[in-house]
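My questions all concern the structure below.
The values are calculated or read from the model by the stated rules, or taken from the named source; none is laboratory data. Because the structure is predicted, anything quoted here is derived from the model rather than measured. So basically every Cβ, Gly included, is an ideal-geometry build from the backbone, and we count neighbours across all protein chains shown. Heads up: the accessible areas ignore ligands, DNA and RNA and are worked out on the full protein's heavy atoms, side chains in. Shrake-Rupley method; radii C 1.70, N 1.55, O 1.52, S 1.80 Å.
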Amino acid sequence: MTRPLRRSPAPFGASGKTVHAVCVRCGHSRPYAAAEPSCDCGGLLDPVYDLKAATVHEDETAPGARYFDLLPLRRPESVLHIGDGNTPCVHARALGARIGLDRLYLKDETGNATRTTKDRMAACVLAVFQELGVDEFVASSTGNSSSSFAWGLPFTRGLRAHLFAGRDFVDRHQYTDHPGVTLHVVDDDFVGAAKAGRAYADEHGLVFEGGFFNSARREGLKLAYLEAYDQMPEEPAVVVQAISSGMGVYGAHKGAREYLEMGRLRRMPRFVCVQQRSCAPMWNAAREGSDRILPHHVLRRPQGLAKAILRGDPTNTYPHMRAITTGTGGSFAAVSDAEMIDARRWLAQDEGIDVCFAAAAALAGAAQLAARGEIRREEPVLVNLTGGERNGTADD
Ligand SMILES: Cc1ncc(COP(=O)(O)O)c(C=O)c1O
Ligand SMILES: [Zn+2]
């Protein structure tokens, strides 16, 4: 994992490649600096690359080196490999036959070092922070992202992290015994813990890493999809993921746009965002035709089997996810406990993959849409199995 990267720091010159952050709302462009997660107008900042010059460095082992041209890093030496990525993408024939999808492809992200796709986000965020000279930051999550940060810290040159956890999520935080980690427990749900983390960062003059609004997170998660698009023998017509904030799907969509422009994809897939019924604020807003989250969509201290996606208030990210689903002809879906339990069992029985309930929700969403005829049997479908069982529990 600490093996030197083979790639020569070619064609970008001594100062590295140029990355701009462009506001998706007002179009303002500035040099990339992840420590300022949004534009003055409040819009989201997306890194933009020279796609005419960009290539995929196929012979690189570290995903960060392979997709370096599509990451917000200036220098190849900045790439971190923390055991992230290089996960299989399988054509699931048996499971596909069961749910009526002949061309079902599963991106098995349980193969990441901490068993979730969030290792990709940590690898990218930590590398970007190091390159930008950030040495201490504050973050929060329902457990998986914070565990990935904690796991990744020993690969850095002494970065320190303050991880904020809601009380019900503390046991989902792992690797926190590293001396660079301070775990702050907040007597609230995950959204409350994130607010406490932001206040702590402001008070102590530290970088709040921003969650969804930190583009390095979205760009790191994007790599699961670039890998999958490269691994699949055909292009996906539909892409399905379980969502909390939606940063993974945001990355998937941005990656598809970049691959279209680079000629590596020929059509934009439909994106399907799956929630669990007990905590489905985006699905509820979407089926009411609302372009924003309204007070009656918000849940306090939500409960559900898929703990990783228990975000009761996605007010700030929903408009982005709605734009992606409507813009690609995709949709939101919500699945019941029974559907998630079945999906989890089928994945184990038919494909030998042990997933967490969030990943099971994604498969259940694909099965539901197939049953309703919203995905046709012959369409190639990519389902991201974002995480696996950890610590003997299925709910992380
Ligand atoms: C296993 C797993 N799947 C899916 C998600 C959804 O994340 P997001 O929608 O924020 O990309 C998470 C977030 O924590 C997760 O841990
Ligand atoms: Zn702006």
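For region 77-97, which positions are out of contact with any Gly (no Cβ under 7 Å at 6 or more places or on another chain) and either within 18 Å of V238 (Cα to Cα) or buried (at least 22 other Cβ atoms within 10 Å of the Cβ) (or both)? Give the steps one after another, and end with the answer.
Residues of region 77-97 out of contact with any Gly (no Cβ under 7 Å at 6 or more places or on another chain): 77-78, 83-86, 89-97.
Listed by number, the residues that qualify are D84, G85, C89, V90, H91, A92, R93, L95, G96, A97.
Restricting to region 98-109, name every residue that is assigned to a loop (DSSP other than H, G, I, E, B) and open to solvent by 20 Å² or more (accessible area, probe 1.4 Å). Steps first, answer last, please.
If we filter region 98-109 for residues that are assigned to a loop (DSSP other than H, G, I, E, B), which is where we start, we get 100-103.
Matches in region 98-109: D102, R103.
Give the residue that is farthest from A123 (Cα to Cα), with candidates limited to residues of region 32-69 that are within 15 Å of ligand 2 (Cβ to nearest atom) and open to solvent by 70 Å² or more (accessible area, probe 1.4 Å). Outline the logic, then answer.
Filtering region 32-69 for residues within 15 Å of ligand 2 (Cβ to nearest atom) gives 32-33, 36-48.
Going one step further and asking which of them are open to solvent by 70 Å² or more (accessible area, probe 1.4 Å), we end up with 36, 40.
Numbers: E36: 19, D40: 27 Å.
Going through the qualifying residues, I end up with D40.
Checking the conditions here, which among G312, G373 is over 17 Å from the mean Cα position of the chain (by Cα) and at positive phi?
On the way: G312 fails: at positive phi.
Testing whether each residue is over 17 Å from the mean Cα position of the chain (by Cα) and at positive phi leaves just G373.
Same structure, new question: Under 7 Å by Cβ, and 6 or more places apart or on different chains, what pairs join a residue from region 238-251 that is within 18 Å of L369 (Cβ to Cβ) with one that is at pLDDT 95 or above and within 16 Å of ligand 2 (Cβ to nearest atom)?
Taking only residues 6 or more apart or on different chains, the pairs are G246/H320.
Failed condition for G251, given (1) outside any helix (DSSP H, G or I); (2) under 26 Å from P380 (Cβ atoms), with all others met?
(1)
I've got another one for you. For region 160-179, which residues satisfy the criterion of being open to solvent by less than 10 Å² (accessible area, probe 1.4 Å) and either small (G, A, S) or free of Cβ contacts under 8 Å to residues at least 12 places away in the same chain (or both)?
Of everything in region 160-179, those that are open to solvent by less than 10 Å² (accessible area, probe 1.4 Å) and either small (G, A, S) or free of Cβ contacts under 8 Å to residues at least 12 places away in the same chain (or both) turn out to be A161, A165, G166.
Next up: Is it true that some residue in region 382-391 is surrounded by fewer than 20 Cβ atoms within 10 Å (Cβ to Cβ) and not in a strand (DSSP E or B)?
yes
Does L299 fit the bill of being free of Cβ contacts under 8 Å to residues at least 24 places away in the same chain, more than 13 Å from ligand 1 (Cβ to nearest atom) and surrounded by fewer than 17 Cβ atoms within 10 Å (Cβ to Cβ)? I'd like the intermediate steps shown before the answer.
Numbers: free of Cβ contacts under 8 Å to residues at least 24 places away in the same chain: yes; more than 13 Å from ligand 1 (Cβ to nearest atom): yes; surrounded by fewer than 17 Cβ atoms within 10 Å (Cβ to Cβ): no.
Answer is no for this residue.
Restricting to region 260-286, count the residues that are buried (at least 23 other Cβ atoms within 10 Å of the Cβ) and within 23 Å of L104 (Cα to Cα).
Total satisfying the criteria: 7.
Inside region 70-99, can you point out the residues that are more than 15 Å from L347 (Cβ to Cβ) and charged (D, E, K, R)?
R74, R75, E77, D84
Among (1) under 17 Å from the mean Cα position of the chain (by Cα); (2) surrounded by fewer than 22 Cβ atoms within 10 Å (Cβ to Cβ); (3) outside the structural domain of G329 (by TED's automatic domain parsing), which single condition is E209 missing?
(2)
Something else now. Test each condition in (1) away from ligand 2 (no atom under 12 Å from the Cβ); (2) open to solvent by 30 Å² or more (accessible area, probe 1.4 Å); (3) in a strand (DSSP E or B) for V22 and report the one that comes out false.
(1) is the only condition that V22 fails.
Which condition number in (1) open to solvent by 30 Å² or more (accessible area, probe 1.4 Å); (2) closer than 30 Å to G42 by Cβ; (3) touching a residue at least 12 places away in the same chain (Cβ under 8 Å) is the one that L310 fails?
Every listed condition holds for L310 apart from (1).
I'd like the residue in region 33-52 that is closer than 24 Å to V138 by Cα, in a loop (DSSP other than H, G, I, E, B) and touching a Ser or Thr at 6+ places or on another chain (Cβ under 8 Å) and, out of all such residues, is farthest from ligand 1 (Cβ to nearest atom).
A34
Tell me the strands (runs of 3 or more DSSP E) entirely within region 110-215 that contain at least 3 residues that are at pLDDT 95 or above and not β-branched (V, I, T). It would help to see each step written out before you state the result.
Details: elements: 136-140, 160-166, 181-186.
Here the list reads 136-140, 160-166.
For R267, indicate whether it is part of a loop (DSSP other than H, G, I, E, B), under 20 Å from R103 (Cα atoms) and away from ligand 2 (no atom under 16 Å from the Cβ).
Numbers: part of a loop (DSSP other than H, G, I, E, B): yes; under 20 Å from R103 (Cα atoms): yes; away from ligand 2 (no atom under 16 Å from the Cβ): yes.
Criteria met by R267.
Could you please let me know if L226 is closer than 25 Å to F357 by Cα and in a helix (DSSP H, G or I)?
Details: closer than 25 Å to F357 by Cα: yes; in a helix (DSSP H, G or I): yes.
The answer is yes for L226.
Being within 13 Å of ligand 1 (Cβ to nearest atom), part of a loop (DSSP other than H, G, I, E, B) and open to solvent by 10 Å² or more (accessible area, probe 1.4 Å) is the requirement here; does Q241 meet it? Explain how you work it out, then say what you get.
On the way: within 13 Å of ligand 1 (Cβ to nearest atom): yes; part of a loop (DSSP other than H, G, I, E, B): no; open to solvent by 10 Å² or more (accessible area, probe 1.4 Å): yes.
Spelling it out, it is not the case that Q241 is within 13 Å of ligand 1 (Cβ to nearest atom), part of a loop (DSSP other than H, G, I, E, B) and open to solvent by 10 Å² or more (accessible area, probe 1.4 Å).
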